[in-house]
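The values are calculated or read from the model by the stated rules, or taken from the named source; none is laboratory data. Not measured: the values here are computed from a predicted model. Quick reminder, even Gly has a Cβ in these numbers, built from the backbone with ideal geometry, and neighbours come from all protein chains shown.
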């Protein structure tokens, strides 16, 4: 207030004086109080007015407007990209489904197709156990007989090979014959075929001579592919020479069930 009063008095004095020159403007004297500090009521003329802070609602409104503008810009960019992508794709022809008309089977003379019956699941095949046919008793008996006679003949040959001659003239051998039950004596073999193994064939003449002397004349000793005891078991012959052994081994030859055993002494 003091500065204003001083300025007004200066203007008034200039007007009264009638000076042709305009009065030189005087700078306002800063207002100071008695302590030498600036007055609080009157701010300095050269200082800018204090900035007025905007309310919080105005700040929020400006941020929302900025976000809305950014969203609109992004939406326009997305539309442009979609339009460019759609223009780059080739135009696809619309798919047309063929129209199938139902066929009247009665008019065409065709019988309606029967509905397929549901297939029944096939039962798993269980392999049937293999049942072996029972063996023929006659065959089994024949095999047992062949095995027994074979073992007895080998035993007789071994006994003969181990025998020590009691004298130089003790070189007699015995032909062991096995015949069917119908043959009761050697004479019943007259004119019969007698089987013999190939290993004894070199003694055929001696065996034939000994059997003629024992009453079996005109016998025929016949070799074959099968063993003599096998041919006898099969019924091919009436008798068979199964071993040539010493008298002791021939006497120890075992009895075979279903056959008769004969011994014929051979001359040296």
> Within the range 197-226, which residues are part of a helix (DSSP H, G or I) and over 19 Å from residue 185 (Cα atoms)?
Replying inline: 198, 199, 200, 201, 202, 203, 204, 205, 206
> What is the residue count in the range 171-200 for residues that are within 60 Å of the chain's Cα centre (by Cα) and surrounded by 13 or more Cβ atoms within 10 Å (Cβ to Cβ)?
Replying inline: 1
> Of the residues that sit in the range 146-191 and are in contact with a helix residue (DSSP H, G or I) (Cβ under 6 Å, 6 or more places away or on another chain) and in a helix (DSSP H, G or I), which one is modelled with the highest pLDDT?
Replying inline: 186
> How many of the residues making up the range 198-227 are farther than 18 Å from residue 265 by Cα and touching a residue at least 40 places away in the same chain (Cβ under 8 Å)?
Replying inline: 1
>> Please pick out the residue among 217, 203 that is out of contact with any helix residue (DSSP H, G or I) (no Cβ under 7 Å at 6 or more places or on another chain), modelled with pLDDT of 90 or more and surrounded by fewer than 15 Cβ atoms within 10 Å (Cβ to Cβ).
In response: 217
